[in-house]
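Every number in this text was worked out from the coordinates using simple rules, so none of it is lab data. Computed from a predicted structure; not experimentally measured. Please note: Cβ atoms are built from the backbone with ideal geometry, for glycine as well, and neighbour counts cover all protein chains shown.
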Amino acid sequence: MGHLEHAVGRDSHPVLVGLHLARDSDDQRRGAQPSPAKRPAARAYCDGVPNSPNVIEYDGTFTFPVPVAQLWATMVRVDRFPSWCGWLHEFSVEGEGLERGTVLHGIVVPPLPYRMRLDVVVEELVPERCVTALVHGDLEGAARLTFDGDDAETRAHATWTVEMMQRSMRLAARIAHPLLRWGHDRVVDATVDAFRRRLVSESTR
């Protein structure tokens, strides 16, 4: 996790203690889950109730100092994700690179005492334009990335709506939603910063 793992002291808040205990219970309850490829037809929305503390909605735009073609060429190398995503563990891919039907598996470890096992299914993809995906596992929902720009920079617009499914996370969301939102936003910030550094590094070679 790098610097993320030290951002919040493990025992610095009573809510974190509760998360530890509830998370342990979640780990014991979790059984085998069906492969995302075998689940019913994917929905393009989150079943969570709008404004529910268990639902996180996100809408952000980021600028990267490279053309869209270069950003896309780096992003489609999904096998390299763990090399720059310090919070991503046990990563694996079903499929041939980033294409419709590809499933990305992994465990997300934010700077809070819980781990999220996720399966991300690529639903739609237009090279250098957009990617739409469904999220299953400890989060359930949908996400979309769109890209535009010029020869100097790329603007990436990210939106998603996901519902927290872990009992420990749902419990914490009722009493400390801002804390969970903080953890979510730190993972997003760390991902964007790491990806930007990778792009700059590759452009200077």
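Using 0.36 nm per residue of separation minus the Cα-Cα distance, give me the extension gain between Thr146 and Thr159 in nm, one decimal. Before the final figure, lay out each step's value.
On the way: separation 13, 0.36 × 13 = 4.68 nm, distance 0.89 nm.
Stretched out fully, the Thr146 to Thr159 stretch lengthens by 3.8 nm.
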Discussion item. Quick one: 3J(HN,Hα) in Hz for segment 180-191, Karplus 6.51/-1.76/1.60 with θ = phi - 60°, rounded, Gly and Pro as x.
Written reply: 5, 5, 4, x, 4, 5, 5, 5, 4, 4, 5, 5
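If neighbour count is taken as other Cβ atoms inside 10 Å, put Tyr58, Tyr114 in order from fewest to most.
Values: Tyr58 15, Tyr114 22.
In order of increasing Cβ crowding within 10 Å: Tyr58, Tyr114.
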Discussion item. Quick check: residue separation of Thr63 and Ile107 times 0.36 nm, minus the Cα distance between them. What number comes out in nm?
Written reply: 13.2 nm
Worksheet entry | Fully extended contour minus Cα-Cα distance, from Ser203 to Glu99, at 0.36 nm per residue | 35.0 nm
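Report the Rg/Rh value for segment 131-205, based on alpha-carbon coordinates and the Kirkwood definition of Rh. Write down the numbers at each step before the final one.
Numbers: Rg = 15.8 Å, Rh = 14.7 Å.
The Rg/Rh ratio comes out at 1.08.
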Worksheet item: Which far-off residues, 5 or more places away or on another chain, put their amide H under 5 Å from the one on Thr154, with H placed in the peptide plane?
Response: Phe64, Val66
Discussion item. Taking 25 Å as R0, compute the FRET efficiency from the Cβ-Cβ separation of Ser83 and Arg181 and round it to 0.05.
Written reply: 0.35
Practice prompt. Count the net charge of all other residues whose Cβ sits under 9 Å from the Cβ of Pro53, scoring Lys and Arg as +1 and Asp and Glu as -1.
Written response: +2
